[in-house]
Each structure stands twice: as C-alpha cells, then as structure tokens.
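Notes to accompany the following structure.
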Amino acid sequence: MTATLTEIREAILPPSGDVLLRFLRDAYYGQQGEDTAGAYPEETALKARELGLIGQGDKRHTLTNQGYIVGNVAKEYCNWVDHGRTMPTPRPPTSMFEGKDVLDLGCSFGRWLWEFQRSANSVVGLELQPEYVELGSALARCEGIEPPVIHNSGVENLNKFIEPNSIDFVFSRLVFNHVDIQATLPKVADVMRKGGILWVQVETFPSAFRRIFEGELRFRSRVLGAFALLNSLGVTIANRQMTLPVKGRMHASHRVAYPTLGWWRRSLRKLGVENFKVEANANGNAAFSARKIS
C-alpha cells in the first residue's frame, strides 16, 4: 500500500533518512541503466517497498510512479550534498541576481532558490509537482534554510501569481522544452522589469536526434522521440507546437520541443528581450541570457 506524502517525507529526512535517500537516488539511476541500488542493506529496500516507492518481486528495485518522483528529488538533493552543497554548472554569476527580485520557473524542490536567496532581495518559484514543493520545504528546514515561497502550478500560469514588471531576474533550468513555449514567453517578458535578465538552460535541436538514435530502445520511446523531432521542426520553422495526449509519470500530455538557439533569439527579440548571449553550449544542452530593454 502506498504511504502518504507525510510518511514518505518523515522517512527520507536527514539524518535518519540519508541511506534511504541514497538508495532512491541509485534506484532512479537504475531506471536509466545504472542500477546500484542492490548494494544497500535489504532493510533499506524493504522500507522503500513499505512506502510504495519500489515494486515487488522481480521489480524490487524498479521505482513506482510515486517512487520516481521522490527518487528524482533524492537524486538532486544527494548530488547537491556530494558536491559540497554547490549548484552544477552552467550557472549564472551572482552579479545577475544579487539584491534582485528573482523568479525560478519549474524550480523542482527549490535548491536553486536556496542559492539565490543568500544574496537576492526576494525569491519565488513555480513548480507543477506538489511532492517537490512539500519535500523541498522539509529538506530546506533540515539544512537550516528558510523554505522559499513556491507556488504549486505550471509555469504557463505564472501571470496568476507574479505581478507585471516585478521581477529582475528570471531563471529556468531544463523546463522550457516541456511547456507551451509560445504561450509562456510573453508572460515571462511581462513580469520582467526593464533591464531585467532572463537566464535559461534548454536542450536544443541536436537533442531531438539523440532522443531517436541514442535514447531508450523501447518502441514507445522511439515514437516519442520522433514526435519531439517533428515538434521541434514545427516550432522552429512554423512557430507551431503540437501536443500529444500521452500520459506519463508526471504529465498527462507530451509537447516536448527543442527549438534552435536562433529561434530563441528571434522570439525573445519580438518581446523586447535582447542582448542575447549564449552562456554555455555543449552536446545539445545550452544556456543563454537576455535582457529586457523595453
């Protein structure tokens, strides 16, 4: 029987939950073909099974839908701890957000907000998964960090929570490929103050090919990869993004698209967000910044 989120939260919180967190992280990586969860004591797997986070029998280290979500939090948190509680690269320089009002779109459990609020004037995030919001708040308290304000909503709804012309620095990491891009970008520009900076990390067009030729071999994964390629072409060439009603662990539809960096530059310029600069670009994963000038 699946445990409540409160029971799961209490079970994974450090320091007593450290081993379970690391087990779930490795089980998560096992879904990507790097399973080391079997190296843990059997009682750890038993606890994860009692909480409904992993399967039974032959699937004993296979994450359930709830386990996949919790495992993703465990992965991000444990990796953050193992890297000296520092954020991964690429990352924006402190000068971009110091003393500023900051918005993180698709903030997961909030670890980037933890970093920003050390020197920002204010921070706020939007996150679709309620589990991330609740678990992130609890983990923040374990770290002695004031939990940041996170609204439980999709980033397309940001205008319902954020006032126009109220944000100096908008940050988003590996989220924009999965949302209605053209509906969201104007709302982002609207909440930015003149002179405000947008810093975004996305997967770009080469990722569409990798999803087909280097991704999972399952037929469903290849079909979704082909859809992503067509969708990327549609957005880049015709500014049209399609949505496929395919239910996944964390979504009810599939709209993944990987526009080119040139498309991002042109689209932002139309919204008065210019001075486009590529901050990092490797293997189809790029970060860029731009400034609102009007």
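A few points about this structure:
- Total residues in region 38-75, condition surrounded by fewer than 16 Cβ atoms within 10 Å (Cβ to Cβ), within 15 Å of residue 22 (Cβ to Cβ) and modelled with pLDDT under 85: 2
- Filter result (of a type outside the set (Phe, Trp, Tyr) and either surrounded by fewer than 19 Cβ atoms within 10 Å (Cβ to Cβ) or assigned to a strand (DSSP E or B) (or both)) within region 155-172: 156, 157, 159, 160, 163, 164, 165, 166, 167, 168, 170, 172
- Among the residues of region 173-184, none qualifies, meaning not one is among the basic types (Lys, Arg) and surrounded by fewer than 19 Cβ atoms within 10 Å (Cβ to Cβ).
- Residue match in region 111-129 (condition: closer than 17 Å to residue 81 by Cβ and in contact with a strand residue (DSSP E or B) (Cβ under 8 Å, 6 or more places away or on another chain)): yes
- Any hit, region 167-185, residues being among the charged types (D, E, K, R), farther than 30 Å from residue 101 by Cα and in contact (Cβ under 8 Å) with a residue 40 or more places away in the chain: no
- Identity of the residue in region 213-230, assigned to a loop (DSSP other than H, G, I, E, B) and within 18 Å of residue 177 (Cβ to Cβ), that ends up modelled with the highest pLDDT: 214
- For region 179-200, the set of residues classified as more than 16 Å from the chain's Cα centre (by Cα), part of a strand (DSSP E or B) and of a type in the set (Val, Ile, Thr) consists of 197 only.
- Residues that are in contact (Cβ under 8 Å) with a residue 24 or more places away in the chain, more than 21 Å from the chain's Cα centre (by Cα), part of a loop (DSSP other than H, G, I, E, B) and loosely packed, with under 13 Cβ neighbours inside 10 Å do occur in region 275-293.
- Of all residues in region 139-153, those satisfying the criterion of being among the small types (Gly, Ala, Ser) and surrounded by fewer than 18 Cβ atoms within 10 Å (Cβ to Cβ) are 144, 153.
- Taking every residue in region 64-91 that is acidic (Asp, Glu) and pairing it with any residue that is assigned to a helix (DSSP H, G or I), at least 6 positions away or on another chain, the pairs with Cβ-Cβ distances below 7 Å are 76/111.
- Candidates 149, 170, 123, filtered to the one that is farther than 25 Å from residue 9 by Cα and among the hydrophobic types (A, V, I, L, M, F, W, C): 170
- Hey, residue 248 of a type in the set (Gly, Ala, Ser) and at pLDDT below 75 or not: yes
- Applying the condition of being small (Gly, Ala, Ser) and either within 15 Å of residue 213 (Cα to Cα) or in contact with a Cys (Cβ under 8 Å, 6 or more places away or on another chain) (or both) to region 225-242 and asking which residue is surrounded by the fewest Cβ atoms within 10 Å (Cβ to Cβ) yields 226.
The values are calculated or read from the model by the stated rules, or taken from the named source; none is laboratory data. The shown structure was predicted, so the numbers you read here are calculated from the model rather than taken from an experiment. When we count neighbours, we look across all protein chains shown, and the Cβ atoms used for this are built from the backbone with ideal geometry, even at glycine.
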